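Q: One structure, as structure tokens, below. Some questions next.
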Amino acid sequence: MKNRPFRHRVEYGAYLTLKGFLRALPHPATRAVGRALGSLAHGIDRRHREVALRNMGLALPEIPEAERRRLVRECFRHFGAALCDAISSTRFDAVEICRRFTLEGWEHVEEAERQGRGVFMLTAHLGLWELVPPIVGLYRGPIDIVVRPADNPWLDRELRSLRERFGNGVVPKRGAARRMLEAIRAGGRVGLLIDQRVQEREGIAVPFFGRPALTSSILARVSLRTGAPVVPMTAYPEPEGRYRVVVRPPIFPPESEDDDEAVAALTRRYLEVAEEDIRAHPEMWLWMHRRWDERKRKDS
């Protein structure tokens, strides 16, 4: 994907066309457009459709095959809707975006911040995760988000603009540990995603849906080193273009040394919370990612 300027320009042009079209529609209607695009993608993207079916079969073998196929189709539709919703939501100012959110369990954020050690906000590729940082930034103050930059520099600029709304910051995933430490030690907030596979040299194998899954250990190590709690939260779509953020109780690191056993135990706990939320909403998780594939090849 890198160093392909013509392809990048075409992708960026398509994005701007879609953005202009969506911004011309009422916001609630953009999800319907996204679901239609997701249905189209499900029909033509056989490779990722098969990855999703295989992953769901590994993680949820108790679900009949016909139901898994339905859930995978719904998953493509959800992610089409999530993409269009995120683009469309850039039209909202601070007042309007707050008006559209319902907050559940927000007292858990306040409990974590009372410790005065900084806070990690943890989510997964579930629901409308791009809408979590804006609401945190508006209600609690700026949050630094750890992300992998997009290969397309023009699209990466658009994504960065979306993520930096309302004073938030973006931290590139590569070499993020130092920036994370600095932000947490300053009493700040850092947002991360925990559910994607990493290279063997970058993570540890911990159970996820009962199967070993390579997972980054950075969050657990920094939490143990600083004492900063981790607050899981997820954003879900609601009717009429509204949203609901559900916040889980904070996960406090134990008063122990930063050893491999403690790191593995905390990382397992993070994935357990993500798994509980995914089981409750399987149609809203990114099954198209090769989460359990341990072969040394680039992630899908």
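Q: Looking at segment 210-237, which of its residues are over 26 Å from His108 (Cα atoms) and in contact with a Leu (Cβ under 8 Å, 6 or more places away or on another chain)?
A: The answer is Arg211, Ala213.
Q: Within segment 261-274, does at least one residue satisfy the condition of being out of contact with any Cys (no Cβ under 8 Å at 6 or more places or on another chain), among the acidic types (Asp, Glu) and in contact (Cβ under 8 Å) with a residue 60 or more places away in the chain?
A: Within segment 261-274, none of the residues are out of contact with any Cys (no Cβ under 8 Å at 6 or more places or on another chain), among the acidic types (Asp, Glu) and in contact (Cβ under 8 Å) with a residue 60 or more places away in the chain.
Q: Testing Arg70 on (1) closer than 19 Å to Leu126 by Cβ; (2) touching a residue at least 40 places away in the same chain (Cβ under 8 Å); (3) surrounded by fewer than 17 Cβ atoms within 10 Å (Cβ to Cβ); (4) not hydrophobic (A, V, I, L, M, F, W, C), one condition comes back false. Which one is that?
A: Going through (1) closer than 19 Å to Leu126 by Cβ; (2) touching a residue at least 40 places away in the same chain (Cβ under 8 Å); (3) surrounded by fewer than 17 Cβ atoms within 10 Å (Cβ to Cβ); (4) not hydrophobic (A, V, I, L, M, F, W, C) one by one, Arg70 breaks only (2).
Q: Which is among the hydrophobic types (A, V, I, L, M, F, W, C), in contact with a helix residue (DSSP H, G or I) (Cβ under 7 Å, 6 or more places away or on another chain) and over 25 Å from His289 (Cα atoms), of Leu60, Leu22, Leu37?
A: Leu22
Q: State yes or no: is Leu60 modelled with pLDDT of 95 or more, closer than 21 Å to His125 by Cβ and exposed (fewer than 14 other Cβ atoms within 10 Å of the Cβ)?
A: Criteria not met by Leu60.
Q: Does Arg91 meet the test of being modelled with pLDDT under 95, exposed (fewer than 15 other Cβ atoms within 10 Å of the Cβ), out of contact with any strand residue (DSSP E or B) (no Cβ under 7 Å at 6 or more places or on another chain) and not acidic (Asp, Glu)?
A: Spelling it out, Arg91 is indeed modelled with pLDDT under 95, exposed (fewer than 15 other Cβ atoms within 10 Å of the Cβ), out of contact with any strand residue (DSSP E or B) (no Cβ under 7 Å at 6 or more places or on another chain) and not acidic (Asp, Glu).
Q: Could you pull out the residue among Leu159, Leu193 that is closer than 30 Å to Val51 by Cβ and surrounded by 20 or more Cβ atoms within 10 Å (Cβ to Cβ)?
A: The conditions single out Leu193.
Q: Looking at the structure I just gave you, is Arg77 part of a helix (DSSP H, G or I), touching a Gly at 6+ places or on another chain (Cβ under 9 Å), at pLDDT 95 or above and farther than 14 Å from Pro237 by Cα?
A: no
Q: Which ones in segment 196-211 are buried (at least 21 other Cβ atoms within 10 Å of the Cβ) and of a type in the set (Val, Ile, Thr)?
A: Answer for segment 196-211, where residues must be buried (at least 21 other Cβ atoms within 10 Å of the Cβ) and of a type in the set (Val, Ile, Thr): just Val206.
Q: I've got another one for you. Which number in (1) within 19 Å of the chain's Cα centre (by Cα); (2) at pLDDT 95 or above; (3) surrounded by fewer than 20 Cβ atoms within 10 Å (Cβ to Cβ) marks the one condition that Gly188 misses?
A: (1)
Q: So which residues in segment 204-246 are farther than 25 Å from Arg189 by Cα and part of a loop (DSSP other than H, G, I, E, B), if there are any at all?
A: If the condition is that a residue be farther than 25 Å from Arg189 by Cα and part of a loop (DSSP other than H, G, I, E, B), then Phe209, Gly210 are the ones that fit.
Q: Looking at Glu65 and the list (1) more than 22 Å from Phe166 (Cα to Cα); (2) touching a helix residue (DSSP H, G or I) at 6+ places or on another chain (Cβ under 9 Å); (3) modelled with pLDDT of 95 or more; (4) buried (at least 17 other Cβ atoms within 10 Å of the Cβ), which single condition is not satisfied?
A: Result: Glu65 passes all but (4).
Q: Identify, please: which residue in segment 94-128 is of a type in the set (S, T, N, Q) and in contact with a strand residue (DSSP E or B) (Cβ under 9 Å, 6 or more places away or on another chain) and is, among those, nearest to Met288 (Cα to Cα)?
A: Thr123
The values are calculated or read from the model by the stated rules, or taken from the named source; none is laboratory data. Values in this document were obtained by computation on a predicted structure and should not be read as measured data. So basically every Cβ, Gly included, is an ideal-geometry build from the backbone, and we count neighbours across all protein chains shown.
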